[in-house]
1. Go through the range 74-111 and give me each residue that's closer than 24 Å to Ile56 by Cα and loosely packed, with under 12 Cβ neighbours inside 10 Å.
2. Counting only residues that are at pLDDT below 70, closer than 15 Å to Thr79 by Cβ and not hydroxyl-bearing (Ser, Thr, Tyr), which one in the range 10-34 is surrounded by the fewest Cβ atoms within 10 Å (Cβ to Cβ)?
3. Which of the residues spanning the range 35-53 are exposed (fewer than 12 other Cβ atoms within 10 Å of the Cβ) and either modelled with pLDDT under 90 or over 15 Å from the mean Cα position of the chain (by Cα) (or both)?
4. Given Ser58, Ser69, which one is closer than 25 Å to Arg119 by Cα, modelled with pLDDT of 95 or more and surrounded by 15 or more Cβ atoms within 10 Å (Cβ to Cβ)?
5. Consider the range 68-93. How many of its residues are over 21 Å from Ala24 (Cα atoms) and in a strand (DSSP E or B)?
Amino acid sequence: MSGDPLDLQLATTAILADTHDVKALLEMLARQLSSTLGEKVTVEREGGLLRRAKEIKSLQVFLGSKTFSAEISKGNLVTSVGYDSAGIRIRTERTDMSTWLARLLGELQEAANTNQASRMALEAIVNGGQPTGGTL
């Protein structure tokens, strides 16, 4: 994968096209990001005692001074990007899913130049599974 922004646009379109169900999309992102980014990912699940598999309620990804949040609220997906400075949230911007995903992939791509975990996370998402082990 090169540093061309068009590659990220194509990857975003492909991911959204492959996953029509937002819960399934969040599950896929949570699984792939958690396995590579660890503590930089927070997943909140909901469900009562009668539910065997708890459904995802929210996903937060912490990358540098940005927090990418996706939450299912009353059946709707709400996505936002928070901007922090010195540990203080200075603003939060609501986005649509495609913009949120494109920004998340862009941030991962930027971090991938210097961070192995970010590179692996980006490859896992773009390749729909495991990192390839190649170079971006």
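1. The answer is Lys74, Gly75, Asn76, Arg94, Asp96.
2. Residue satisfying both the conditions and the ranking: Leu16.
3. Gly38, Glu46, Gly48, Leu49, Leu50, Arg51, Arg52, Ala53, listed by residue number.
4. Within the list Ser58, Ser69, the selection yields Ser69.
5. Adding up the residues that qualify gives 10.
The values are calculated or read from the model by the stated rules, or taken from the named source; none is laboratory data. The structure presented is a predicted model; accordingly, all values stated were derived computationally and were not measured. Positions of Cβ are backbone-derived with ideal geometry, glycine not excepted, and every protein chain shown enters the neighbour counts.
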